[in-house]
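What follows is a set of notes on a single structure, which appears directly below.
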Amino acid sequence: MNMNCPRCGETLAKIFYDGKIAYACPWGHGQAVSLSAVRGLCGHPEFVNMLWMKASGIPGGSGGRCPICGRPMSLITLPAGEKELELDICCQCQELWFDPSELESIPKPPPPPPQPELPDKAREILAIHAIENLEENKNDAGPNSTWGYLAGLFGFPTEQNAPPRSSSPWCTWLIAALCTLLFILTFDGLKTHIMNWGFIPAQWYRKSGLTILSSMFLHGGLGHLIGNLYFLLIFGDNVEDALGKFKYLGMILLSGLSATLLHYALSPESQTPCIGASGFISGIIAAYAVFFPKVHICLLLRWCLFFRWIRIPAWGAFTLWILYQAAMALMTFSMEGGIAFGAHLGGALFGLLAGFFMRLQVQSRIEQTMDT
């Protein structure tokens with residue numbers, strides 16, 4: 001609904017005056033304010049009561065037209081300090097019109113009384129309490145970046161307070177690029193390529209054993225690829241930085257072999273091809289938990305319309321993850337196809353052993369990186 005200026009007829013624009021809604025003439029002829037808003041702006045209730053009593057006692061309208069209903073408003077005069085205000089009011093719409101500078105002349109609320117000075121001990125207690133609240137809110141905070149919130153909505157974890165890297169993670173990026181390139185090249189005829197180059201436990205000797213290596217970099221779909229690459233890029237960069245390029249590549253290769261070996265040990269007669277980088281990525285995740293146990297992992301809990309971010313240490317997140325993998329491996333032990341949870345456990349087992357074995361060697365490097 002448009003409100004019009006009673007002086008020039010122009011449409012009024014909505015504004016805020018001291019936190020209250022008003023409607024101003026674009027040409028500066030005044031402002032329309034409701035009676036309830038004036039009551040909130042005025043510091044003296046008797047001023048508003050007198051205004052309403054005078055307006056109710058005037059039978060005819062001799063003022064300008066009401067911005068809402070268009071009927072003539074009542075014109076009343078009220079004392080305001082050393083001057084008198086001549087205001088237009090519509091009793092039906094309870095709307096007032098203030099000409100320029102009139103709204104500033106109404107009585108204002110008195111300033112709040114000064115607060116008594118607190119003793120030093122009380123101020124110290126309040127400061128400690130404020131710091132504790134800041135720490136509590138900090139622990140409940142979500143990711144530090146916008147993309148982290150987007151990843152959380154898709155069920156992915158994000159890291160927080162991770163140590164800065166001392167170099168670019170070229171190996172991690174190259175492995176991610178290799179997986180992506182192979183997926184593009186094998187997308188046409190994907191099932192055939194998986195059967196030819198995936199690792200089949202009952203035929204581990206195929207292609208002179210090359211399928212043990214090739215299966216690590218093949219993926220069965222876009223979702224499979226994106227999920228693996230996400231975990232590789234999130235956790236691989238810091239592990240690569242802690243180990244160095246060559247040790248990192250060696251750990252990836254041996255984690256992948258360990259994953260394949262355990263998968264073979266659990267299902268030696270299986271004819272189902274096994275593919276994916278999740279075996280050696282499990283080793284990376286395990287090493288990350290060993291090297292950076294106090295880094296926080298952010299998870300978005302979702303239940304119907306309930307959303308809440310939680311933060312847990314990397315070692316705690318890894319513990320929950322490995323328990324889930326073990327439970328699923330037991331539940332799907334006799335099932336063909338699906339996710340090779342045994343391979344995840346095999347890769348994570350080597351990642352744990354390698355992480356604990358090399359932790360002392362890389363600990364000083366990690367601390368130096370975090371101090372710089």
Cβ-defined net charge surrounding Ser215, 11 Å radius [Lys, Arg +1; Asp, Glu -1]: +2
Between Tyr149 and Lys247, what is the label-point separation in nm under the 7 Å Cα-to-beta-carbon projection? 3.9
Mean-position separation - Cα centroids, region 1-54 and region 157-216, in angstrom: 69
Compute the angle between helix 314-331 and the longest alpha-carbon principal axis of the chain, please, reported from 0 to 90 degrees and rounded to the nearest 10. 60
On a full-extension model of 0.36 nm per residue, what is the gain between Arg165 and Ser62, subtracting their alpha-carbon distance, rounded to one decimal in nm? 29.4 nm
Helix 45-56 sits off the longest principal axis of the Cα atoms of the chain, rounded to the nearest 10 on a 0 to 90 degree scale, by 60
Rounded, prolate or oblate (a/c below 1.5 giving rounded, otherwise prolate when a/b exceeds b/c) for region 169-309 by Cα gyration tensor: prolate
Between 0 and 90 degrees, rounded to the nearest ten: what's the tilt of helix 341-371 against the longest Cα principal axis of the chain? 70
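Strictly over 26 Å apart at the Cα level, which of Lys207/Lys247; Lys20/Lys83; Lys54/Lys83; Lys207/Lys245 would you flag in this model? Can you show the working numbers first?
Details: Lys207/Lys247 28 Å; Lys20/Lys83 24 Å; Lys54/Lys83 18 Å; Lys207/Lys245 29 Å.
Flagged as over cut-off: Lys207/Lys247; Lys207/Lys245.
Around Leu51, what is the net charge, scoring Lys/Arg as +1 and Asp/Glu as -1 over all other residues with Cβ under 13 Å from its Cβ? All intermediate terms of the calculation are to be shown ahead of the outcome.
Numbers: positive: Arg39, Lys54; negative: Glu46, Glu84, Glu86, Asp88, Glu95, Glu102.
Charge balance near Leu51 sits at -4.
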What is the distance in Å between the Cα centroid of region 69-126 and that of region 236-310? 65
Simple SL model, points at 7 angstrom along Cα→Cβ for Ile339 and Tyr17; separation in nm is 6.3
Could you give the length gained by full extension between Trp173 and Leu320, i.e. 0.36 nm per residue of separation minus their alpha carbon distance, to one decimal place? 50.2 nm
Work out how much length Ile184 to Asp120 would gain on full extension: take 0.36 nm times their residue separation and subtract the Cα-Cα distance, in nm to one decimal. 16.2 nm
Can you compute the modelled spin-label distance between Gln94 and Leu210, with each label point 7 Å from Cα toward Cβ, in nm? 8.5
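We did not get these values from a lab; they are worked out from the coordinates using the rules stated. What you see is a predicted model, and the numbers here were worked out from it, not measured in a lab. Don't worry about glycine lacking a Cβ; one is built from the backbone with ideal geometry, like all the others, and counts go over all protein chains shown.
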